[in-house]
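See below for the structure under consideration.
The values are calculated or read from the model by the stated rules, or taken from the named source; none is laboratory data. As the structure is a prediction and not an experimental result, all values here were calculated from the model. Cβ sites come from the backbone with ideal geometry, for glycine too, and all protein chains shown count toward neighbours.
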Ligand SMILES: CC(C)(COP(=O)(O)OP(=O)(O)OC[C@H]1O[C@@H](n2cnc3c(N)ncnc32)[C@H](O)[C@@H]1OP(=O)(O)O)[C@@H](O)C(=O)NCCC(=O)NCCS
């Protein structure tokens, strides 16, 4: 039997998008449940963003799945898992799931990975990877995610329960829970301060150019003992860096 390859999809695999979509919609008919419907363009984008995994047997399509991020990348789902009927029962879904899971963990190591499923196979694989069943309240509140449920035949249940319960089981992989010990927030803050880039921030001081008198914030970097006025942080460094500089007291604000 020819070997099945599981790989992160790239532009050369865009030609498979039609068969992927057909296989997904056939499977949805058989299962009698709805699915988060995705367009051709949506899957192409996933492939181009290196967020999709494809399984091929030679040139033949065998399976697919992709990653989605929610709530400002605080949550990730591995979605749209499909194995062509011809290739089922050979642990191919497991190989695809392992690959999407590793891809998600590598790209967003701090994100929580969750799953909302009624599929026994998916629940089994999730459990093996360390997902735990949770209430819906622990999943993302990103409206874009829940919009995906609109295509499901059971959406009335979800609406009726105010999004608290439905036929699907919510499962969550929390990366924090998979660390052997929890690092206290005070230590994490200390690490953030140690790792913050040195003053001056990238782009230099006042690199954003002059702003109007009203917008101008007078800030003094004091790390070298010679206060200088800078006009604004906007465009000079990120908001997060600005907060770090403030916490580290590189900067004092003049009333
Ligand atoms: C669900 C699906 C992806 C499984 O693909 P597959 O390649 O046959 O699955 P695998 O052989 O990798 O099986 C993975 C695990 O799930 C279990 N499993 C597979 N199909 C199952 C089923 N119908 N019911 C219960 N468990 C099942 C397997 O026993 C295996 O567990 P194990 O590691 O403990 O042995 C495939 O049947 C499919 O594409 N179905 C239609 C789409 C779908 O339902 N997608 C899931 C969306 S929630």
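Out of the residues in segment 100-115 meeting the condition of being more than 9 Å from the chain's Cα centre (by Cα) and buried (at least 22 other Cβ atoms within 10 Å of the Cβ), tell me which one is nearest to residue 140 (Cα to Cα).
Within segment 100-115, the match that is nearest to residue 140 (Cα to Cα) is 114.
Return only the number of the condition from (1) assigned to a helix (DSSP H, G or I); (2) under 24 Å from residue 102 (Cα atoms); (3) over 20 Å from the mean Cα position of the chain (by Cα) that residue 180 does not satisfy.
(1)
What's the number of the condition residue 162 fails, among (1) assigned to a helix (DSSP H, G or I); (2) closer than 30 Å to residue 32 by Cα?
The one condition residue 162 does not meet is (1).
Take the conditions at pLDDT below 90 and under 24 Å from residue 110 (Cα atoms) and apply them to residue 183. Does it pass?
Working: at pLDDT below 90: yes; under 24 Å from residue 110 (Cα atoms): yes.
Yes.
Just give me the residues in segment 117-130 being surrounded by fewer than 22 Cβ atoms within 10 Å (Cβ to Cβ) and out of contact with any helix residue (DSSP H, G or I) (no Cβ under 7 Å at 6 or more places or on another chain), in sequence order. Walk me through it before giving the result.
Residues of segment 117-130 surrounded by fewer than 22 Cβ atoms within 10 Å (Cβ to Cβ): 117-124, 127-130.
Listed by number, the residues that qualify are 118, 119, 120, 122, 123, 124, 127, 128.
Residue-by-condition table, conditions (1) modelled with pLDDT of 85 or more; (2) surrounded by 12 or more Cβ atoms within 10 Å (Cβ to Cβ); (3) part of a strand (DSSP E or B); (4) not assigned by TED's automatic domain parsing to the domain that holds residue 24:
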{"site": "158", "(1), (2), (3), (4)": "yes, yes, no, no"}
{"site": "189", "(1), (2), (3), (4)": "no, yes, no, yes"}
{"site": "201", "(1), (2), (3), (4)": "no, yes, no, yes"}
{"site": "205", "(1), (2), (3), (4)": "no, yes, no, yes"}
{"site": "220", "(1), (2), (3), (4)": "no, yes, yes, yes"}
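Residue check: is residue 97 near the ligand (Cβ under 8 Å from one of its atoms), buried (at least 20 other Cβ atoms within 10 Å of the Cβ) and assigned by TED's automatic domain parsing to the domain that holds residue 138?
Details: near the ligand (Cβ under 8 Å from one of its atoms): yes; buried (at least 20 other Cβ atoms within 10 Å of the Cβ): yes; assigned by TED's automatic domain parsing to the domain that holds residue 138: yes.
When the stated conditions are applied, residue 97 passes them.
Is there a residue being modelled with pLDDT of 95 or more, within 26 Å of residue 147 (Cα to Cα) and either over 14 Å from the mean Cα position of the chain (by Cα) or more than 12 Å from the ligand (Cβ to nearest atom) (or both) anywhere in segment 25-34? Talk me through it step by step, then tell me what you get.
Quick first cut of segment 25-34, residues modelled with pLDDT of 95 or more only: none.
For segment 25-34, residues modelled with pLDDT of 95 or more, within 26 Å of residue 147 (Cα to Cα) and either over 14 Å from the mean Cα position of the chain (by Cα) or more than 12 Å from the ligand (Cβ to nearest atom) (or both): absent.
Which one of the conditions (1) within 14 Å of the ligand (Cβ to nearest atom); (2) assigned to a strand (DSSP E or B); (3) surrounded by fewer than 16 Cβ atoms within 10 Å (Cβ to Cβ) does residue 5 fail to meet, given that it meets all the rest?
Result: residue 5 fails condition (1) only.
What about residue 80, is it surrounded by 20 or more Cβ atoms within 10 Å (Cβ to Cβ), within 15 Å of the ligand (Cβ to nearest atom) and over 23 Å from residue 147 (Cα atoms)?
Details: surrounded by 20 or more Cβ atoms within 10 Å (Cβ to Cβ): yes; within 15 Å of the ligand (Cβ to nearest atom): yes; over 23 Å from residue 147 (Cα atoms): no.
Against the criterion (surrounded by 20 or more Cβ atoms within 10 Å (Cβ to Cβ), within 15 Å of the ligand (Cβ to nearest atom) and over 23 Å from residue 147 (Cα atoms)), residue 80 does not qualify.
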